[in-house]
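The values are calculated or read from the model by the stated rules, or taken from the named source; none is laboratory data. A quick note: this is a predicted structure, and the numbers were derived from the prediction, not measured. A quick note on method: Cβ atoms are made from the backbone with ideal geometry, for glycine too, and the neighbour counts reach across all protein chains shown. All accessible areas refer to the heavy atoms of the entire protein, side chains included, with ligands and DNA or RNA removed. Shrake-Rupley method; radii C 1.70, N 1.55, O 1.52, S 1.80 Å.
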Amino acid sequence: MKRYFVVLFAVSLWILITAAGAQAESSVWVVKGPRASVYLAGSCHVLRASDHPLPSEFDRAYAASNRIVFEAPPGEMEKPVYLQKLLLSALYTDGSALKDHLDPAVWNKVQKFCRERHYDCDKYQMFRPWMFSLHLTMSEMSKIGVDQNYGVDRTFYQRAKNDGKPLGALETIDEQIGYMTLLDDDTGDAQVSETIDELRELNARFTDILRAWRSGDEAGIVAFSSRELKGYPQLYSKLIVERNKRWIKDIERDIQGPVNTMIIVGVAHLVGPDSVIDLLRRRGYKVEKMQK
């Protein structure tokens, strides 16, 4: 299990981003406060080694910042106590199995996919649907070299540790794990079925994801996140809208603070209505994109 990747990717499973076409924009925004600036960096949580170096605006934002803030504290996610909590929310403990919680047609689809990819379905019977979907996704992504260790979050976490820059987080580990309970049996069939469909087109979709992220194609990001997640209004509200509203208090405090801060969150949190950028602008802040 790739520990850091699991939670970060879980809350962004349907909203990584895809689009056609590129524009000379970026996925990093800046807000100037009275004494300091805040850089809001839209993360692609998983990347390949070949996707480095990152777009230059990320490096410029990091170099200009005294403090680096993430969605959740990366170092905490690697501790055994976190893994124990995660597994408690990810596994069935009542004697039931994954196939008992899926529609027969979806379970047949699972079996077919596993046979094609040479996975043993029986090994995953204790997984809840969201964890099974994540496991499939991680397994398939690893085949094309995609890994959380190359992602934006991990890259700047390691760099900040090496440089001795103070770290911060917008959420706690317990809050992150709490989001896992939202991805449960009421949407299990859709999660598993849609995951398999998307994994069949993984190479092409990941190429489009990177193109949109690198170019800051907001229309493409919004279109995908809306199509994929707004079909589940409660989930969209909990994972995107409500979190953005909670984060604003901390972000505004940093804007009014004394030091430059780089805040790294999934890029879908930074585009469209109800995004962090939209909420800041409604509060009267001037938010501009960094140019390449």
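Applying 1/(1 + (r/R0)^6) with R0 = 51 Å to the Cβ-Cβ distance of SER89 and ARG35 gives a FRET efficiency near 0.80.
Taken along the Cα-to-beta-carbon direction at a fixed 7 Å, the label points for LYS245 and ASN108 span 4.3 nm.
The angle separating the long axis of helix 218-229 from the principal Cα axis of greatest extent in the chain is about 30 degrees. One equal scatterer on each Cα of the range 42-116, no solvent, Debye formula: the resulting log10 I(q)/I(0) at q = 0.19, 0.22, 0.25 Å⁻¹ is -0.98, -1.06, -1.15. Rg then Dmax, both in Å and based on the Cα atoms of the chain: 18.9, 60.
Given the range 134-211, what whole percent of its Cα pairs are spread farther than 17 Å? Mind dumping the intermediate values first?
Values: 1929 of 3003 pairs.
Summing the P(r) tail past 17 Å for the range 134-211 gives 64 percent.
Add +1 for every Lys or Arg and -1 for every Asp or Glu among the other residues with Cβ under 10 Å from the Cβ of GLU71, and state the total.
Its environment carries a net charge of -2.
Which percent of the accessible heavy-atom area of the chain goes to carbon and sulfur, probe 1.4 angstrom? Exposed carbon and sulfur together represent 51 percent of the surface.
Pairwise inverse Cα distances across the range 79-187, averaged and inverted, put the Kirkwood hydrodynamic radius at 16.3 Å.
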